[in-house]
Structure formats: structure tokens, C-alpha cells
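*Asks:* The structure under discussion is supplied below as C-alpha cells; questions concerning it will follow.
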Amino acid sequence: MQFRRFRIKNYRSLIDSGWNDLASDNITGIIGQNESGKTSILEALYSFYTGKINEDILRSDLSLPAVYCAFETNTERISRLLKGKIIPIRVIESIEETGLVILGREWDNEKNSHLIFGDDKLTAHFQEQINEKQEFERKTEEDILRIIEGANKAGEELQYALNEKINEERHLSALEVKKVKIQKSFDRSPDKENNKRLEKFIAELDQSKKRLEEKTRSYDSQLDQATGLAEKAKYANWCLDSVIDYKNKKKIFEDSLAELKMVKTQYENITGILKKRRFRSRLNILEGRYADKLENLEKARIQESDRKAIVAKIFNGMDPGEAEELVKKENKRKVAYYNDRELAEEIFKNIPVFEMFEDFSSLLPNRIDIDDIFASSSHVEGYKAAQNFLTIANLDESFFEVSDNRILKQKIEKLNSEITLNFQDYWQQNLDNKNKIQINFELEHYDNRHPDKMGKPYLEFWIKDNLERLYPKQRSRGVRWFISFYLELKASAIKHKGKSRVFLIDEPGLSLHARAQEDVLNVFEDIKEDIQIIYTTHSPHLINISKLYRLLAVQRFLKDDMKSGTVIFNARSLNEASIDTLSPIYTLMGTKFNDNQLIHKKNNLILEDTVTYYYLKTIFDLIDFKKEIFFLPATDVYNVPALVNLLIGWKLDFVVLLDDDDCGNQIFNDIKLHIFHNNENLAAKKILKITDKSGIEDLFSTIDFKNFILHKRVGITESNVEYIENKNLSRNILASNFVLHVQNNNVKLEDFDEETRENIRILIYNLESLLE
């Protein structure tokens, strides 16, 4: 999967970079002044891959960093990669629509990170599902507590009703006994007074019976209610047990994680191979315990989630057995689908490997302690270059524990010969350099001149040629850089065999002379088919003036204010960048002018932008054009007059090609007025408009535009240029894809339809009439 776009948020000066396209031919350069944020872009991309960040990248407003990367793919490829589960339809639709899969990495306050899947729409969709699930579980917990509380209260009220009923029964029973006595008294003396007493007592007895009936009905009703609540409470307590269990296991897991982090930090700070190995066994035990705790936590989480789902259905009146079966079926359906985290993690396994190459850690040192190499001591200069060397030599810690010094020296001598031979092949093929450069390393031990390290092993590196044997730092910066870059290339190929790679290179060839810097760019050209290059530079010699589409320009939002955020300009918006930011381009143009590499005495064709250049250059490669022509693309149509003035000042011949749109007509009139004093005839000899075409893309028929540029079967009712604008498509990407399609598919002029060929014929005819 090709890395195509990125977006960086809250990473040092990068508040929100927006989406930025990378060059389609695998080489992207980032230019800008010091402190503009160039290196931060590379480090953010590397953090995306490794998941690691340092304290110093966090912004003062405490906003958390996030990095998003888009990779070119299609649904067929994704389906092959993601076997065993169903891909959500929204994911398929997104990939089909964009041809991209987007992964993001977000960090929390503890600098821990997690991967997410999708663009803003998909992320919002997945987040909505997560929010719904969290809301459901929160509400279920509330219902559980409410039902348990309700059941307890109902039990108390039922007990009270039962007591009331029992008391009334006892009262009625006592009245019945008393009635018998009063009846006997009345029978013995049936006078008026006893009759009144009897009637009053019978009325009281009837009232007691009524009260008992009411209390019995109340008790029976509350009994039914309490019984129902008690049944629900049974399941609520069953669920509550799992909630408590999950919280307890989460606490245990967090304690285990904290301990593991602490011990890992201690391990990283330990020096000494044997001591490190002993400490490693303790670390292995803790990692095993951590894995067990994580597994237990996940089981508890699943149990809690399942029980909440079951009791929610029971609370809504479903039979417990049916609820349990239904949740099992729902889980089977859920397991069959990827969620966003699973998608992100699975796809991440198949993205290119990101490697960071920067001078401090990646340039070969003179000397380095063995302990620092295997401890990956990032504060030690050249540690990564030494690691690369040992990777190529296939050496690990055990090699340096061999006690027999003679055997060690023999092995080292043999390895030196093998590595030297491999490097000489690279040196000659890529740089056409015939010098017999040799790379040697030696194993030494500190003596009593270094009492704090006495007896400890270190490596010493040498670079030899036909004349002398010198430390790496004693050789030219160029030789040292190319050797170190070779080590990075070879070690990366060994470690990541079969995987595509992205090299993030900070200021390649810094301090090299101009020719050596151009050699660096040539190396990038040689390896771009296998390795994608993203590099930062100040140097004009690391820019190809004919391929400005490769550039991203970086500067602060407020000039000279290092606290303001970073802004990124792509090839389409380079003209908006400051003169200081674009100084490498301007410097290079001046160099090319002086060297006659770019502009010639005649037949210079000034174009509106690099997009026009790539279409025209590709078209002219397909035709038999009789005259020599030299294309000179401006960075924007509004920069065309500046180039015209420049060529006039240098007394160089030129022709200007403009689109027949508002901007093109404005520039035409501007040049006619200020250069040719409003003389239509003079202007017509130097300026050609592509008649009735709002942009170079309108040279193509609608059918050819879809087949050779869009590579899509879509309905287009407007002009090609209007379609691009309405769909907010990248002209730069479309042009690059057109060039690569023509080159890779051996496209010929005859492959275009009659309308396109006729438009090209008219343009060529008109140009020929203006060129010498």
C-alpha cells in the first residue's frame, strides 16, 4: 500500500496541518527555514508508525497529538488482507469512493496511543456507535442500581405490609374472642344497654374485617411486585458482580502496567550485557504477568458487557433464557464484523515500514560502546548506524561473548571483507565512483586510561581507501553520509524483507558540497521504485526544478513568530509561501540560469504551472516535434510576468502559453500592456492562448479524460476543468498519475480519440508558428 497523504494535529508547532498529498513518484521534499516545523513533520510520521512520543512534542495548551496517514488501496486488496471477518459496508464505500484507507494514531495524557480507522466521516460513525454502546451500558448500570434499590425498598415495604396484616389479624382475632363474651352477657341480660354495646362491637368487628381485607389485598399486590423485582434484582446483582469484578481487574491491570513501565525504564538505563541479560529475565516474568492480567481484564470486560445486554432484555420483559440465547446470537454477529480498532490494527500490519534517518544517530561513529549499541542509547551519537552495521554483519550480543580472541579477530576480518565488497558494488552502481572504499570495524576493550569503563568492550570503525585508513569523522562528510545511508538501506532490507518502506530523512547530506548533494538526489531517484523518500532540506541542490510537484513548503503562520503554528503549502499553493521559505527554489533557478541547465537562448516556453508542464512534456514525448523546445513552468499563473521580465532582462527568447480563462486573459492583458505597450500584434507573437480551453486538462476529450487521467467511469456533463474544481480533485495528483500511466502502459498518441488528437494538433501547429 502506497503512502499518499498525511494530517498532523497538536504535534509541536503543527496545530492542524490539514491533509497534505505526497508526490506520486515516491520522492517528496519538505523545504522551509529553521524552526519552521520541517523536522516535526518527519518525527510525527515516525511517531505514527512507532506509537512513541516525547514530552517535548506536547503543546503548552495540553492538546493531545494525533497523526493520520492515508494509503492507496482498493476493496479487493483489503478483502484479501482482512480474511475471516466481514468488513463493514461503510468501510467498503469509503475505499471505493477515495481509493484510500486512512489510519490514525491518537495519544492520551499518559502518552499511550491507540490506532483508529477511517476518515472524519468514518471515525464519526464508529465513534457514534461507541457512544451509543457506552450510553447503553451507562443506562443499564443505572437500571441495575435502581432495580436493586427498588427491590430492597419493596422488600422493606412488603415486610411492613405483612406486619400490618398480621397485627390486624391478631386484632380481629382478639375482637372475635371479645364478641363471644359480649354475646353471652347480652344473652343473660338482653337489655337496651347491652344491645347497644353488642351493636357497637359488631360494627367495630366489621371494620376490622374490612381493614384486614384491604391490608391483605395490599400485601398480595406488594408481594407480586416484590417478587417481580426480586427476580430482576437477582439478575441485577448477578450483573453487578461482573461490573465490580471488571473494575477490580482493571485496577490490578493498571498496577501491573505501571510496574512494567517502571521496570522497562530501569532496563533501558542499565549498561553491561550480562547485567542487562539478568534483568531481562525479570522483565520477561513481568511481561508474562502483564499478558495474563490483560487477558483476565478482557474476559471480565466481555462478561460485564454480555451480562449488561442480558439483564437489559430481562428488564424489558424478556424471558431470561431467551435473553441469554439472543445475546449469544448477537455476539456471533458482532464477532463476524471488524470494529474500528480491529480494522486499524489489522491494516496497520500491512502498511509500509517507516524508517527515520537523521545525522546524529544514523551517521557512522568513530567509536561506540557495545552496551550502548544493544541498549539503543538514543543519546549516544551513531548508535543506529552501529546497529545497522551489526544487522548487516548478522551479529548479536552472543558474538561478543566469545572468549577466544584469535577466533574473534578471524571472524571480524572475514566480515569486514564481505561488507566492503557489498558496499563497493553499491558505491559504483549508484555513484559511479571507482574508489576502492573499505569499511572495517574492530573490537577493543577499555584499558586503565578509562577506569570507569576498564575492561568493557567497544567497537571502532575505520574507512579505508587506496591511500589511508581514517576514522569516519576524518573522511569527507559525503563519504561518511553515503556509507551510513548504505548501512541503513541494507539493514532495513534485512529487517523488513519483502515489505515496502518509507524513509524519513532529515536534512540529507547536511554540510555536503553541491555535487555531493546532487549525488544524494540521484541516489533517491535510483531507489524510489522500492523505497518512498520523504526528506527535509534547505539546499537548492536537493530540489529538482522540473519536479516542483514533489515539494511541500513549511513556514510559521506569523513570520518571525516561533510560537505561532506551522502552515504547509503544497505544489499548487507554493506561490502563497514567503520568499524566505521558497529561497532554495529561487536560488536553484538562478543557478540553473547561469549553468544554462534550464533556460536556453531561444524557444523557452513559459507555462502557467507545473501541472501544465507535466501534461505538455508527456504529450511532446509522444509526438515527433521538429523544433527544440524548453519548458519553463511558473509556480502560478500570476508569476508568469516575473519570468517574462527575467528573460527579457537576460535577452533570452521566449513564448508564453496561457489558458483561455479569466486568470489567463488577465495575465495576457497585463503582459500586453506592460511589456508590449498594449500592442496586440507584438503580444500575439509572444503569447499563445489555448483557445476555448480553461485549462490544459480541456485538451482531452471527456472520454480520454476519464480513461487516461481519472481512471473512473463517471458521468461528466461539464468541462474537464470544471469537473476537477467541482469535485475538489488535486490537479497535481491527476497530472502525476497521467504521466505515470502513459509511461507504464506505453501509451501512444494513436491511443487518444480523434477529438483529443485534433486539439493537440491545433496547439502544436500554433506553437510551431511562434517558435524559431
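The values are calculated or read from the model by the stated rules, or taken from the named source; none is laboratory data. Just so you know, these numbers come straight off a predicted model, no measurement behind them. Positions of Cβ are backbone-derived with ideal geometry, glycine not excepted, and every protein chain shown enters the neighbour counts. Heavy atoms of the whole protein, side chains included, go into the accessibility calculation; ligands, DNA and RNA do not. Shrake-Rupley method; radii C 1.70, N 1.55, O 1.52, S 1.80 Å.
*Asks:* Which residue, of I244, I182, I166, is closer than 23 Å to E298 by Cβ and free of Cβ contacts under 8 Å to residues at least 40 places away in the same chain? Give the steps one after another, and end with the answer.
*Replies:* Details: I182 fails: closer than 23 Å to E298 by Cβ; I166 fails: closer than 23 Å to E298 by Cβ.
Checking each option against the conditions leaves just I244.
*Asks:* Can you name every residue in the stretch 82-109 that is loosely packed, with under 15 Cβ neighbours inside 10 Å, assigned to a helix (DSSP H, G or I) and among the hydrophobic types (A, V, I, L, M, F, W, C)?
*Replies:* I89, I92
*Asks:* Quick one: in the stretch 629-651, which of the residues that are open to solvent by 50 Å² or more (accessible area, probe 1.4 Å) and within 38 Å of the chain's Cα centre (by Cα) is farthest from E772 (Cα to Cα)?
*Replies:* Only one residue tops the list, namely Y638.
*Asks:* Consider I703 carefully, then state whether it is outside any loop (DSSP other than H, G, I, E, B) and either closer than 19 Å to D609 by Cβ or in contact (Cβ under 8 Å) with a residue 60 or more places away in the chain (or both).
*Replies:* No, not satisfied.
*Asks:* OK, next. I need the full set of residues from the stretch 214-260 which are closer than 30 Å to I373 by Cα, of a type outside the set (A, V, I, L, M, F, W, C) and surrounded by 14 or more Cβ atoms within 10 Å (Cβ to Cβ), in order please. Please lay out each step first, then the result.
*Replies:* First, pick out the residues of the stretch 214-260 that are closer than 30 Å to I373 by Cα: 256-260.
Next, only the ones that are of a type outside the set (A, V, I, L, M, F, W, C) stay: 256, 259.
Of everything in the stretch 214-260, just one residue is closer than 30 Å to I373 by Cα, of a type outside the set (A, V, I, L, M, F, W, C) and surrounded by 14 or more Cβ atoms within 10 Å (Cβ to Cβ), namely S256.
*Asks:* Say whether the condition of being over 30 Å from S60 (Cβ atoms), out of contact with any Gly (no Cβ under 6 Å at 6 or more places or on another chain), among the aromatic types (F, W, Y) and in a helix (DSSP H, G or I) is met by at least one residue in the stretch 545-561. Can you show your working first?
*Replies:* Here is the first cut: in the stretch 545-561, the residues over 30 Å from S60 (Cβ atoms) are 545-551.
Among the residues that remain, those that are also out of contact with any Gly (no Cβ under 6 Å at 6 or more places or on another chain) are: 545-549.
From the residues that got through so far, the ones that are among the aromatic types (F, W, Y) too are 549.
Now restrict to residues that are in a helix (DSSP H, G or I): 549.
The answer is yes; a qualifying residue exists.
*Asks:* With (1) under 43 Å from the mean Cα position of the chain (by Cα); (2) over 26 Å from N737 (Cα atoms) as the list, and F654 as the residue in question, which single condition is left unmet?
*Replies:* (1)
*Asks:* Could I ask something else about it? Output the residue which, of all residues in the stretch 1-47 that are among the polar types (S, T, N, Q) and not in a loop (DSSP other than H, G, I, E, B), is nearest to the chain's Cα centre (by Cα). Give the steps one after another, and end with the answer.
*Replies:* First, pick out the residues of the stretch 1-47 that are among the polar types (S, T, N, Q): 2, 10, 13, 17, 20, 24, 26, 28, 33-34, 36, 39-40, 47.
Remaining after also requiring not in a loop (DSSP other than H, G, I, E, B): 2, 10, 20, 28, 39-40, 47.
Numbers: Q2: 13, N10: 14, N20: 12, T28: 17, T39: 17, S40: 14, S47: 9 Å.
For the stretch 1-47, the residue satisfying everything is S47.
*Asks:* Please determine whether any residue of the stretch 419-432 is of a type in the set (D, E, K, R), surrounded by 13 or more Cβ atoms within 10 Å (Cβ to Cβ) and modelled with pLDDT under 85. Don't jump to the end; show me each part of the working.
*Replies:* At the first step, the residues of the stretch 419-432 found to be of a type in the set (D, E, K, R) are 425, 432.
Among the residues that remain, those that are also surrounded by 13 or more Cβ atoms within 10 Å (Cβ to Cβ) are: none.
Looking through the stretch 419-432, none of the residues is of a type in the set (D, E, K, R), surrounded by 13 or more Cβ atoms within 10 Å (Cβ to Cβ) and modelled with pLDDT under 85.
*Asks:* Let me ask something else about it. Kindly evaluate D692 against the criterion of being open to solvent by 10 Å² or more (accessible area, probe 1.4 Å), part of a helix (DSSP H, G or I) and not polar (S, T, N, Q). If you could, list the steps in order and put the result at the bottom.
*Replies:* On the way: open to solvent by 10 Å² or more (accessible area, probe 1.4 Å): yes; part of a helix (DSSP H, G or I): no; not polar (S, T, N, Q): yes.
The answer is no for D692.
*Asks:* Return the pair list, or none, for Cβ contacts closer than 9 Å from residues in the stretch 631-658 that are among the small types (G, A, S) to residues that are assigned to a strand (DSSP E or B), at least 6 apart or on different chains.
*Replies:* Listed pairs, sorted by first residue: A634/I606; A634/L607.
*Asks:* For the stretch 153-178, which positions are in contact with a helix residue (DSSP H, G or I) (Cβ under 6 Å, 6 or more places away or on another chain) and over 18 Å from S218 (Cα atoms)?
*Replies:* Matches in the stretch 153-178: L175 only.
*Asks:* Right, next: Just to be sure I understand the filter: pairs with C-beta atoms under 6 Å, separated by 6 or more residues or on different chains, first member in the stretch 732-747 and more than 15 Å from K617 (Cα to Cα) and without any contact (Cβ under 8 Å) to a residue 40 or more places away in the chain, second member assigned to a helix (DSSP H, G or I) and open to solvent by less than 20 Å² (accessible area, probe 1.4 Å). Which pairs pass?
*Replies:* Partner pairs satisfying both residue conditions: none exist.
*Asks:* Could you list, in sequence order, the residues of the stretch 365-404 that are open to solvent by 30 Å² or more (accessible area, probe 1.4 Å), in contact with a strand residue (DSSP E or B) (Cβ under 9 Å, 6 or more places away or on another chain) and either over 22 Å from L470 (Cα atoms) or basic (K, R) (or both)?
*Replies:* Within the stretch 365-404, just R367 meets the criteria.
*Asks:* Next question, about the same structure. For the stretch 728-758, give me the residue count where each residue is at pLDDT 90 or above, open to solvent by 20 Å² or more (accessible area, probe 1.4 Å) and either in a loop (DSSP other than H, G, I, E, B) or in contact with a helix residue (DSSP H, G or I) (Cβ under 9 Å, 6 or more places away or on another chain) (or both).
*Replies:* Counting residues in the stretch 728-758 that are at pLDDT 90 or above, open to solvent by 20 Å² or more (accessible area, probe 1.4 Å) and either in a loop (DSSP other than H, G, I, E, B) or in contact with a helix residue (DSSP H, G or I) (Cβ under 9 Å, 6 or more places away or on another chain) (or both) gives 7.
*Asks:* When the residues of the stretch 574-603 are filtered to those that are more than 26 Å from R515 (Cβ to Cβ) and open to solvent by less than 20 Å² (accessible area, probe 1.4 Å), which remaining residue is modelled with the lowest pLDDT?
*Replies:* L574
*Asks:* Mind listing whichever residues of the stretch 486-533 are out of contact with any Pro (no Cβ under 9 Å at 6 or more places or on another chain), outside any helix (DSSP H, G or I) and either more than 24 Å from A386 (Cβ to Cβ) or open to solvent by 70 Å² or more (accessible area, probe 1.4 Å) (or both)?
*Replies:* Across the stretch 486-533, the qualifying residues are K497, G498, L510, S511, H513, K528, E529, D530.
*Asks:* Follow-up question, since we're still on this one. Would you be able to say whether some residue in the stretch 483-494 is at pLDDT 80 or above, in contact with a strand residue (DSSP E or B) (Cβ under 6 Å, 6 or more places away or on another chain) and of a type in the set (S, T, N, Q)?
*Replies:* yes
*Asks:* Could I ask something else about it? Output the residue which, of all residues in the stretch 442-478 that are part of a strand (DSSP E or B) and among the hydrophobic types (A, V, I, L, M, F, W, C), is surrounded by the fewest Cβ atoms within 10 Å (Cβ to Cβ).
*Replies:* Pass one, the stretch 442-478, residues part of a strand (DSSP E or B): 442-445, 457-464, 469-470.
Now restrict to residues that are among the hydrophobic types (A, V, I, L, M, F, W, C): 443, 459, 461-463, 470.
Details: L443: 17, L459: 23, F461: 21, W462: 19, I463: 23, L470: 15.
The selected residue is L470.
*Asks:* Now, a different point. For the stretch 709-723, name all the residues that are touching a Ser or Thr at 6+ places or on another chain (Cβ under 9 Å), surrounded by fewer than 21 Cβ atoms within 10 Å (Cβ to Cβ) and not in a loop (DSSP other than H, G, I, E, B).
*Replies:* Answer for the stretch 709-723, where residues must be touching a Ser or Thr at 6+ places or on another chain (Cβ under 9 Å), surrounded by fewer than 21 Cβ atoms within 10 Å (Cβ to Cβ) and not in a loop (DSSP other than H, G, I, E, B): V721, E722, Y723.
*Asks:* Within the stretch 148-187, track down each residue that is hydrophobic (A, V, I, L, M, F, W, C) and more than 21 Å from A203 (Cα to Cα). So that I can check it myself, show each step before the final result.
*Replies:* Step one: list which residues in the stretch 148-187 are hydrophobic (A, V, I, L, M, F, W, C), which gives 148, 151, 154, 158, 161-162, 166, 172, 174-175, 177, 180, 182, 186.
Hits for the stretch 148-187 are I148, A151, A154, L158, A161, L162.
*Asks:* Moving to a separate point now. Go through the stretch 48-76 and report how many residues are open to solvent by less than 70 Å² (accessible area, probe 1.4 Å), under 19 Å from I351 (Cβ atoms) and in a helix (DSSP H, G or I).
*Replies:* 4
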